[in-house]
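Everything on this sheet refers to the single structure shown next.
Coordinate-derived values only; no laboratory data. A quick note: this is a predicted structure, and the numbers were derived from the prediction, not measured. Methodologically, a virtual Cβ is constructed for each residue, glycine included, from the backbone with ideal geometry; neighbour enumeration extends over all protein chains shown.
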């Protein structure tokens, strides 16, 4: 397959073997620079999610433009990003399953990874794995802010989990993640703002309870392309996970103007 498509290099678009996925690199660069410029005026930093692009070169462009690191959805994506030179990788998801956890623990011997947790049993598995390999992981507690997909459901759950993490070798509590993905599909700007603020108020309540219990959240990770300018302006949020902006499909483009 590679040899069949190799001949397409250097050809004009109409001469390509199809189907072919084509990236207009100039447009991608403009979008990366535009987001970097917008984030300079916000409290939060940018940690773009690479689940759409899945490309080390584009991730490096984002970091060079000011991003503090990247997010991934899977262990495998995280390892590829780290091996490609990205030094700070957040797996914005729970890592479960013996093979995945073992792979992560081994890779963490030479790379810096942060993972999310919402369950004590999963935290135990992670701790055992990194203790066995002599590695370590930073940990964010995921909060369910309305998606119903994952995360602790209350401040009490978050505090109990943080207290449990404190007892586990190889794991360090760093903060929370509260992804408001259910707000991204809202076409009405005012309603999207309301929903996003509601979700971040949920995160804020948990962060406050954790702080009262002695657990400072250095990292509060949230947001996506559809809410980056809303959530990114929230002083409680430290980093935004927007990633689709690099390619900017029509749906996101209608939600957040300014990109190519």
To the nearest 10 degrees, the tilt of helix 155-165 (Cα long axis) against the first principal axis of the alpha carbons of the chain is 90 degrees
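Determine, from the Cβ-Cβ distance of residue 13 and residue 128 and an R0 of 45 Å, the FRET efficiency 1/(1 + (r/R0)^6), rounded to the nearest 0.05.
Efficiency at R0 = 45 Å is approximately 0.30.
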Would you please state which residues of the stretch 71-88 a label at residue 149 would reach in this model, taking the label point 7 Å out along Cα→Cβ and a backbone N cut-off of under 18 Å? 71-78
Per-residue [θ]222 nm for the chain (sum of -39500 (n - 2.57) over DSSP H runs n ≥ 4, rounded to 500): -12500 deg cm²/dmol
If neighbour count is taken as other Cβ atoms inside 10 Å, put 172, 133 in order from fewest to most. 172, 133
Net length gained if the chain between residue 87 and residue 5 were fully extended (0.36 nm per residue, minus Cα distance): 26.3 nm
Taking other Cβ within 10 Å of each residue's Cβ, how do 202, 71 sort, fewest first? 202, 71
Could you line up 173, 259 from fewest to most neighbouring Cβ atoms inside 10 Å? 259, 173
To the nearest 10 degrees, how steep is helix 25-39 against the longest Cα principal axis of the chain, on a 0 to 90 scale? 40 degrees
At 7 Å along the Cα-to-beta-carbon direction for both residue 23 and residue 41, put a label point, then send me their distance in nm to one decimal. 2.8 nm
How big, on average over all directions, is the shadow cast by the Cα convex hull of the chain, in nm²? 15.0 nm²
Pop out the Kirkwood hydrodynamic radius of the stretch 29-105 from its pairwise C-alpha distances, inverse of mean 1/r, in Å to one decimal. 13.0 Å
With Cα atoms, 0 to 90° folded angle of helix 120-133 axis to the chain main axis: 80 degrees
When the chain is treated as a Gaussian network with springs between alpha carbons less than 10 Å apart, the largest mean-square fluctuation among 135, 37, 221 is found at 37
Defining a contact as two alpha carbons under 8 Å apart and six or more residues distant in sequence, what relative contact order in percent does the chain show? 20 percent
How fast does the stretch 1-137 diffuse by Stokes-Einstein, in µm²/s, taking the Kirkwood radius from C-alpha pairs at 20 °C and 1.002 mPa s? 126 µm²/s
Springs between alpha-carbon pairs under 10 angstrom, Gaussian network model over the chain: which of 144, 24, 125 fluctuates most? 24
